[in-house]
1. Since GLY12 meets every condition but one in (1) out of contact with any helix residue (DSSP H, G or I) (no Cβ under 9 Å at 6 or more places or on another chain); (2) in contact (Cβ under 8 Å) with a residue 12 or more places away in the chain; (3) in a loop (DSSP other than H, G, I, E, B), which condition does it not meet?
2. Starting from residues that are of a type in the set (Phe, Trp, Tyr) and under 15 Å from the mean Cα position of the chain (by Cα), keep the ones in the range 129-150 and report whichever is modelled with the lowest pLDDT.
3. Being buried (at least 21 other Cβ atoms within 10 Å of the Cβ) and assigned to a helix (DSSP H, G or I), is that true of even one residue in the range 127-135?
4. Among the residues that make up the range 77-88, is at least one of them touching a helix residue (DSSP H, G or I) at 6+ places or on another chain (Cβ under 6 Å), over 30 Å from HIS129 (Cβ atoms) and part of a loop (DSSP other than H, G, I, E, B)?
5. Does THR233 satisfy the criteria of being touching a helix residue (DSSP H, G or I) at 6+ places or on another chain (Cβ under 9 Å), of a type in the set (S, T, N, Q) and either part of a helix (DSSP H, G or I) or assigned by TED's automatic domain parsing to the domain that holds ASP156 (or both)?
6. Among (1) over 27 Å from ASP182 (Cα atoms); (2) not in a loop (DSSP other than H, G, I, E, B), there is one condition TYR208 misses while meeting the rest; what is its number?
7. Taking LEU194 as the residue in question, decide whether it is closer than 25 Å to LYS330 by Cβ, modelled with pLDDT of 90 or more and touching a strand residue (DSSP E or B) at 6+ places or on another chain (Cβ under 6 Å).
8. Mind checking which residues of the range 236-270 are in contact with a Phe, Trp or Tyr (Cβ under 9 Å, 6 or more places away or on another chain) and not in a strand (DSSP E or B)?
Amino acid sequence: MTFVRNAWYVAGWAHDLTDAPLAETILSENVVLWRGEDGKPRAAENVCPHRFLPLSQGRVRGNDLQCGYHGLTFDGGGVCVDAPTQDAPPTNCQIRSYPVHENMGMIWIWVGDPALADTADIYDLPEYHQDGWGVGFGDALDVDANYLLLCDNLCDPTHVNYVHPSTLGNPEGINAPVTFDDKPWGVLTERFTLNSAPTGFVDAFGSYEGRVDMWQRYLMYTPSVSIIDFGATATGTGSFEGGGEGRIQVYSCHFMTPITETRTIDRWLHVRNFLAGDASVGDGISDQFRNAFAEDKIILQAVQGEEDRHAGRTKIGLDLDASAGLFRLKVNRLLRTEAPGQAAE
């Protein structure tokens, strides 16, 4: 297995979690999520221990979840609190529950050791909550590939010229240097393209008459959260840290949840520093991203298929692989901590 279990993953969009049970598969585990009448999210394994009907086929009763077969009812801790036709539920009638938390419009779940779950460890983007920044919610991109292939892609600014030439690519920056740094939380990969013609995205959402300075900063957090900080400012007037009249900055946020070893859901959203109150701008950004991420999906699914077909074959490495290689090394360290001898390729 390549899954880091002691980590927070996104289980779904908060707006999708209502008073109806929601079935999800996370790290190959079948989970049911529900929102009680108190508004709080809850999660448990998706099976009734009586006849093994998935609890997602039941219904929410107050804050609890009732099986749709014989009415056994479970609380958020997985304990059976009611068994119709008898005075008390069997003492051993219990299922596994999972710590969950709501933040940034998403439901986060912890599938590892519950004693280690700390909501302070959940990723949070400060700008998401700040005035002057607009938030746009994207999709749940379903990709038939291992989550580490998506992480490789999101450590790599060099691929955009070839996979996304019309939106994010920049022919003038094709040989711009790429640097990377080892961070306590993961890997930071950066590329700065100075005094350049704007990319298609910058041209669409900026208001520049001349050349620009652009940045791409890929913040890849273990095990599978990626924040891409990118933007532009008129040449010589600022950077990602500030300044620059008409400067545009976008955080493209990716929260990748491994479903199985060969399937991943990437829930994405974006946060921008311009026209924060104009929902149509957010929709326009989402449309551009949707096209670009569909291009990524085609590439990554093809790579997964060929990895399966060429299992055991050694790959050729390039200098541009360094940041992705470092990230995989850090994931492997986490895997070995959880299960000595376990490691991802």
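The values are calculated or read from the model by the stated rules, or taken from the named source; none is laboratory data. Predicted, not measured: the structure shown is a model, and the values here were computed from it. Glycine gets a Cβ as well: all are built from the backbone with ideal geometry, and neighbour counts include every protein chain shown.
1. Answer for GLY12: the failing condition is (3).
2. PHE137
3. So far as the range 127-135 goes, no, none of its residues is buried (at least 21 other Cβ atoms within 10 Å of the Cβ) and assigned to a helix (DSSP H, G or I).
4. As a first pass, look at the range 77-88 and keep what is touching a helix residue (DSSP H, G or I) at 6+ places or on another chain (Cβ under 6 Å): none.
No: the range 77-88 contains no residue that is touching a helix residue (DSSP H, G or I) at 6+ places or on another chain (Cβ under 6 Å), over 30 Å from HIS129 (Cβ atoms) and part of a loop (DSSP other than H, G, I, E, B).
5. On the way: touching a helix residue (DSSP H, G or I) at 6+ places or on another chain (Cβ under 9 Å): no; of a type in the set (S, T, N, Q): yes; either part of a helix (DSSP H, G or I) or assigned by TED's automatic domain parsing to the domain that holds ASP156 (or both): yes.
Judged against the criteria, THR233 is not a match.
6. (2)
7. Working: closer than 25 Å to LYS330 by Cβ: no; modelled with pLDDT of 90 or more: yes; touching a strand residue (DSSP E or B) at 6+ places or on another chain (Cβ under 6 Å): yes.
No: the conditions fail for LEU194.
8. PHE240, GLY246, ARG247, GLU261
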